[in-house]
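The values are calculated or read from the model by the stated rules, or taken from the named source; none is laboratory data. Since the structure is predicted, the reported quantities are computational estimates derived from the model, not experimental observations. All Cβ positions, even for glycine, are placed from backbone atoms using ideal geometry, and neighbour counts span all protein chains on display.
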Amino acid sequence: MPLKEEFNEFSPDRDQLRIECIMTRLRKVPEGEAVATYIRENNVRIDLTDNPVHLAASSLIINGIRDGIWDYEKPVIFLKRGLNDDNLLQAIVHEVGHINQHLSKVGNPDRILSETETILFYRAAEADAQALATEVTWALKQAGDAKPWNETCKVGYGDICAVYEKTVTSAPESIADGRAKRAAFDAWFDNPARVAGYNDSTVNDMIPWLTKMRGVFQNSNMQEKPLDEGWVQKLDGIGPKSYLLDPAARNLLTDDFYRGNMASRKADFANDNRKPATPAANPPRQSGPA
């Protein structure tokens, strides 16, 4: 009788097998194939750990900043090992969105921002990453693998999923022209508890770090200025198709829908993987002193 190799429940081999199975599932649709390919081509490591700081997070090493351009290496996604595979899949897609933001030079600001501009910056980064997760898990659902979509709905994004599905159902072409993804992006902002909770994490975690780095920024020729259309275009440009530049949609820079409720307060994120986590898993681990 052939021998059967037994894996310890939390062995590295078992972790790798789980990740490989998730990559195989992603490759079943073009949207997921793009994520799996990005992970491979950018050498993104995925680590499953028992007690991470957040259930899902991403990190990079900062090598330096020159003329407002951040230089990164060694992107890693950290995930709680105890999450089921469907939850891991949707979380991986979300965190790949953040890794892509950083490696595309829009994951950290290329300018010195005020507190309100910083809050808007990280709100947009989070909404962009979740819009990607919504788009990919919907495509998998349509291909017969609905569990990641269902898991996305359960972990705190049911409202975003509902808006996306309603948009696609009423206008199937909205997937191709970017309107469905924009609807998911906007739905992120349309939840007061989510917005307030994310304000809190930004104010507590990111603004102190950015303040500490202010001297480094100035020495790297970063200027004090607000977010502008160039920044919106760069954020929009990191994906395979445009979805933030529709002139008929709300203006991300000026509409109160995106800038409203800048107050910080705790919110109940009991079912959210990030609860909320530090925005975009920032600051990335640094290779040297700040």
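A few notes on this one:
- Considering residues of segment 53-74 that are of a type in the set (A, V, I, L, M), part of a strand (DSSP E or B) and in contact (Cβ under 8 Å) with a residue 60 or more places away in the chain only, the residue surrounded by the fewest Cβ atoms within 10 Å (Cβ to Cβ): ILE61
- Residue check, ASP236 closer than 21 Å to ALA133 by Cα, surrounded by 14 or more Cβ atoms within 10 Å (Cβ to Cβ) and either at pLDDT 90 or above or of a type outside the set (Asp, Glu) (or both): yes
- Among the residues making up segment 75-99, those that are among the charged types (D, E, K, R) and either modelled with pLDDT of 95 or more or not in a strand (DSSP E or B) (or both) are ARG81, ASP85, ASP86, GLU95.
- Summed over segment 18-30, residues that are surrounded by fewer than 19 Cβ atoms within 10 Å (Cβ to Cβ) and either free of Cβ contacts under 8 Å to residues at least 12 places away in the same chain or not in a helix (DSSP H, G or I) (or both) total 4.
- Options LEU210, LEU253, LEU227; residue that is within 21 Å of the chain's Cα centre (by Cα), of a type outside the set (D, E, K, R) and over 30 Å from GLU31 (Cα atoms): LEU210
- Tabulated pairs, segment 31-52, first closer than 14 Å to ALA129 by Cβ and at pLDDT 95 or above, second of a type in the set (Lys, Arg) and in a strand (DSSP E or B), C-beta under 6 angstrom, 6+ apart or interchain: none
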